[in-house]
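Notes follow once the structure below has been shown.
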Amino acid sequence: MRKIAIIGDGGWGTALAIQLSQKGFSVSLWGVFGDYLEETAKIRENVKFLKGIRIPDSINMTPVMKDAVSGADFIILAVPSKYLRSILGQLKEIKQKNPVYVSAAKGIESDTLMRMSEVIRDVLGGRKEITAISGPSIAIEVAKGLPTTIVASSKNIELAKSVQGILSGENLRVYTNDDLVGVELGGSLKNIVAIAAGISDSLGFGTNTKAAILTRGLAEIIRLGVAMGAKRETFAGLSGMGDLITTCISPYSRNRWFGQMLGKGESTEDIMKKTEMAVEGVTTANSAYQLSRKYGVIMPITQEIFNVIYENKSPKDAVQGLMLRSPKPEQY
């Protein structure tokens, strides 16, 4: 029996643990807050992140990282991007065999502008090949067993196929893709567009506006992705358009919710006090803005979301700034 360790007991990590446990794997789930994890193990419910979903008794929930990863064939990293580097530092100190590392985080590190696979390789060293999973995958829907499709991506397609093999099931279909750059960027950058979609909803705009945000937001994602070495066609797939649509329309989307709160006039600091969940788009807005300047890519929606979050620009003024830009041909 293959052993799988999941680092991160949030909604996505817990949903993946349930999926893998149902397939008969030996699954260990680690979380940084020991008291909460022990309580979760006792009642078999992650009340903060997956309320109402029972966690199978077969899942070993432990606050001791060494116990979770010892002997693991696969280590799935499902932690917020801003904490990944520090958690990897702990993981590096534990002697392991040669597991397959799977990144389930969607973000870009703010200081280094590294994608998550790059952070993993940077901390753990060596020539480790990483697989990333991404796509339209709201955690609560996966945990409920609703039909979902995602993509597993690696430069080594055989590694991607191995991850495809362990995750695929009756209600979770997994495709493979060798464009790791594109898959990671699509999963990260869509969160910025979701914040814009939330602002639009809060301001009472209609479906015309939402369609414009998704379409032009995708154009920005494609432009930056191609400049960074991604394949254009990747962004038409699950980790691009698929994830973008889900995050911009789902009532469970944290980034869309954050945008709605911004549209109501609340500050970033006050909004973040209302949730324990990661809102990846907040950090990614800064990272993407810096990357757009580095690569000379025009990203007006990203810039305006950056201005709202970090420069205290009002959402209404940001909308006006987008609408009154000089006329241009439609380009991707």
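Structural remarks
- When DSSP beta bridges are restricted to pairs lying wholly in the chain, around 15% turn out antiparallel.
- Summary of packing: across the peptides 276-282, 313-319, 131-137, the per-residue average of other C-beta atoms within 10 Å ranks them, highest first, as 131-137, 276-282, 313-319.
- Helical runs assigned H by DSSP (4 residues or longer) give the chain a calculated mean residue ellipticity at 222 nm of -15000 deg cm²/dmol, each run adding -39500 (n - 2.57) before division by the residue total.
- Three-way shape call for the stretch 188-332 based on the alpha-carbon gyration tensor, with the a/c threshold at 1.5: rounded
- Along its three principal directions, the equivalent ellipsoid of the chain from the Cα gyration tensor extends over semi-axes of 33, 22, 18 Å, largest first.
- Distance between the modelled labels on Lys42 and Ser267, one decimal in nanometres: 3.8 nm (7 Å Cα→Cβ projection).
- Simple spin-label estimate for Ile157 and Asn98 gives 2.2 nm between the two label positions (7 Å along the Cα-to-Cβ direction from each Cα).
- Sequence ranges 42-48, 244-250, 300-306, ranked by mean other-Cβ count within 10 angstrom, highest first: 300-306, 244-250, 42-48
- FRET E, pair Tyr310, Gln331, Förster distance 22 Å, beta-carbon r, rounded to 0.05: 0.25
- Model label points for Glu276 and Ile249, set 7 angstrom from Cα along the Cα-to-Cβ axis, are 3.2 nm apart.
- Crossing angle, helix 34-43 versus the chain [Cα axis fit, 0-90 degrees, rounded to tens]: 70
- The stretch 297-332 versus the stretch 142-184: alpha-carbon centroid distance in Å: 34
- With Cα atoms, 0 to 90° folded angle of helix 300-310 axis to the chain main axis: 70
- Remark on the stretch 3-178: Rg and Dmax equal 14.9, 42 Å (Cα only).
- For the stretch 223-282 versus the stretch 45-63, the gap between their alpha-carbon centres in whole angstrom: 26
- Normalised by the number of residues in the chain, the average gap of Cα pairs under 8 Å and 6 or more apart makes the relative contact order 15 percent.
Each value in this text was obtained by applying a stated rule to the coordinates, not by laboratory testing. Since the structure is predicted, the reported quantities are computational estimates derived from the model, not experimental observations. Methodologically, a virtual Cβ is constructed for each residue, glycine included, from the backbone with ideal geometry; neighbour enumeration extends over all protein chains shown.
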